[in-house]
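Working notes, beginning with the structure itself.
The values are calculated or read from the model by the stated rules, or taken from the named source; none is laboratory data. Note that this is a predicted model, so its numbers are computed, not measured. Ideal geometry is used to build each Cβ from the backbone, glycine not excepted, and the neighbour counts take in all protein chains shown. Calculation scope for accessible area: heavy atoms of the full protein, side chains included, ligands and nucleic acids excluded. Shrake-Rupley method; radii C 1.70, N 1.55, O 1.52, S 1.80 Å.
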Amino acid sequence: MNRKPIYVTQPQLPALEDFYPYLEQIWENKILTNGGPFHKQLEAALCEHLGVEHLALFSNGTLALVTALQALRVTGEVITTPYSFVATAHSLLWNGIKPVFVDVDPDTLNLDPAKIEAAITPQTTAIMPVHCYGRPCDVEAIQRIADNYNLKVIYDAAHAFGVRDAGGSVLRHGDLSVLSFHATKVFNTFEGGAIICPDAKTKQRIDHLKNFGFVDEVTVVAPGINGKMSEINAAFGMLQLRGVNEAIARRGLIDRTYRELLAGVPGIGLMGHADDEAINHSYFPILVGDDFPLTRDALYAHLKEAGVHARRYFFPLISDFPMYRGLPSARRDNLPVAANAAARVLCLPIYPNLALEDVERIARLIREA
């Protein structure tokens with residue numbers, strides 16, 4: 001029997017007819033960009049949904065990262081993780097900043113606070129951690145280090161939409177947090193992103209920077225960029241927001257099903273999370289250990305042959321790519337935990353429309369490998 005391929009993710013899309021009224025409004029008012037009505041509505045709606053006070057929308061998460069660094073006037077060196085999507089470190093290079101990689105924690109695969117302090121030099125101006133797979137970093141330990149050394153903290157929160165810890169939204173931590181609304185994310189606007197701002201003054205500076213530095217028709221206050229979200233993307237976001245809680249709940253069901261079916265399989269490690277965290281189930285990573293009969297790459301190929309397209313997120317490490325591997329901090333002996341994770345991790349398919357019978361088939365393919 002020919003089965004339809006199952007990919008690691010699939011965008012959550014509402015009924016097409018539900019989007020027509022939004023498009024009709026755009027066609028009627030003929031405002032397509034530059035902070036139109038849907039743009040304003042989505043910023044306000046996301047602030048309310050996420051439990052934050054100020055938020056600046058962007059056309060994508062990478063431009064949001066680049067602009068966040070500009071907004072805080074970050075220079076010199078920034079300590080970051082090698083275990084992430086390349087946009088994290090690319091945003092530093094685009095700003096002429098030197099990434100300094102430190103290793104990750106073996107349990108969370110987030111930046112290990114115990115390794116940060118030794119990497120600080122007189123040129124260090126900031127820390128850029130990632131809430132990997134949507135699981136919160138050790139934000140208190142990172143903030144203590146930042147306070148001791150007068151460093152900025154910019155969180156790459158691309159995976160962390162809706163994630164909460166015991167005190168509220170995880171996005172409230174650090175000087176700025178950056179979200180991605182890419183098509184593969186828990187909440188998507190086709191393409192999009194946002195910067196969570198601590199106050200109105202910071203949001204105003206970021207809004208200037210994302211619109212070429214314009215304050216009014218004749219005043220430019222900074223060498224800004226064009227990072228504005230279009231009205232169509234913002235309108236789509238308003239529609240998506242209506243179903244995002246249901247989508248996250250469905251992801252949670254798939255997560256629990258995988259855990260039940262894969263519990264106790266020799267050589268398959270499952271990542272946990274703290275009891276007081278509300279996570280979004282954006283990824284389902286497994287770690288393939290030595291006790292499993294196949295290597296990680298052999299299991300990846302085995303699933304692919306069966307039409308299941310898992311992904312090795314994150315492999316290779318960012319520090320292994322040509323533009324980074326010459327850095328002293330990119331040495332493998334400096335990053336043993338990250339290197340081990342990159343060789344063992346496999347993210348299984350997870351998205352709201354994934355049928356439970358397909359989850360069962362994927363788990364069976366792993367158990368019987």
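Sequentially through region 350-362, phi angles give Karplus couplings (6.51, -1.76, 1.60; θ = phi - 60°) of 8, 6, x, 8, 6, 5, 5, 5, 6, 4, 5, 5, 4 Hz, Gly and Pro residues having no value and appearing as x.
Neighbours of residue 107, meaning other residues whose beta-carbon lies under 12 angstrom from its beta-carbon, give a summed charge of -2 when Lys and Arg score +1 and Asp and Glu score -1. Over region 52-199, all Cα pairs binned in 10 Å intervals from 0 give whole-percent P(r) values of 12, 47, 36, 5, 0, listed from short to long.
The share of accessible area on the chain that comes from carbon and sulfur is 52 percent, using a 1.4 angstrom probe.
If you average the alpha carbon positions of region 137-154 and of region 1-41, how far apart do those two centres end up, in angstrom? Centre-to-centre (Cα) distance: 38 Å. For residue 268, nonlocal amide neighbours, meaning residues 5 or more places apart or on other chains whose placed amide H falls under 5 Å from its own, are 289. Ordered by 1.4 Å accessible area with all protein chains kept, 149, 155 run largest first as 149, 155.
The Cα atoms of region 135-234 give a gyration tensor whose axes a ≥ b ≥ c have a/c of 1.5 or more with a/b no greater than b/c, which makes the shape oblate. Which shape class applies to region 319-368: rounded if a/c is under 1.5, otherwise prolate when a/b exceeds b/c and oblate if not, where a ≥ b ≥ c are the square roots of the Cα gyration tensor eigenvalues? Here region 319-368 falls in the prolate category.
For residue 41 and residue 201, a Förster radius of 22 Å and the Cβ-Cβ distance give a FRET efficiency of 0.45, rounded to the nearest 0.05.
Evaluating 6.51 cos²θ - 1.76 cosθ + 1.60 at θ = phi - 60° for every residue in region 205-218, the Karplus couplings come out as 4, 5, 4, 5, 4, 7, 10, 6, x, 6, 9, 8, 4, 10 Hz, glycine and proline recorded as x.
Of the beta bridges in the chain, as assigned by DSSP with both residues counted there, near 60 percent are antiparallel.
The local environment of residue 147, defined by Cβ-Cβ distances under 12 Å, has a net charge of 0 under the rule Lys, Arg +1 and Asp, Glu -1. Using θ = phi - 60° in the Karplus curve 6.51 cos²θ - 1.76 cosθ + 1.60, the 3J(HN,Hα) couplings for region 115-120 round to 9, 6, 4, 5, 8, 6 Hz; x is entered for Gly and Pro. Accessible surface area normalised per residue over the chain is 45 Å², counting heavy atoms of protein chains with a 1.4 Å rolling probe. Taking every C-alpha pair closer than 8 Å and separated by at least 6 residues, the mean separation divided by the residue count of the chain gives a relative contact order of 23 percent. Note on region 182-234 and region 49-119: Cα centroid distance 18 Å, given to the nearest whole angstrom. Amide H to amide H distances under 5 Å link residue 309 with 6, 7, 8, where only residues 5 or more positions off or on other chains count and H is placed in the peptide plane. Taking amide H as placed 1.01 Å from N in the peptide plane, residue 153 has its amide H under 5 Å from the amide H of 127, 175, 176, each at least 5 places away in sequence or on another chain. Taking label points 7 Å from Cα along the Cα-to-Cβ direction, residue 304 and residue 25 give a separation of 4.4 nm. Put simply, when 358-364, 142-148 are sorted by average Cβ atoms within 10 angstrom per residue, most first, you get 358-364, 142-148.
Assign one of three labels to the chain, namely rounded, prolate or oblate, based on the Cα gyration tensor with a ≥ b ≥ c the square roots of its eigenvalues; rounded applies when a/c is under 1.5, prolate when it is not and a/b is larger than b/c, and oblate otherwise. Judged from the Cα gyration tensor, the chain comes out oblate (a/c at least 1.5, b/c at or above a/b). Here the gap between residue 32 and residue 246, fully extended at 0.36 nm per residue and compared with their Cα-Cα distance, gives a gain of 74.1 nm. When 323, 128 are compared by accessible area of protein heavy atoms, the largest-first order is 323, 128, using a 1.4 Å probe.
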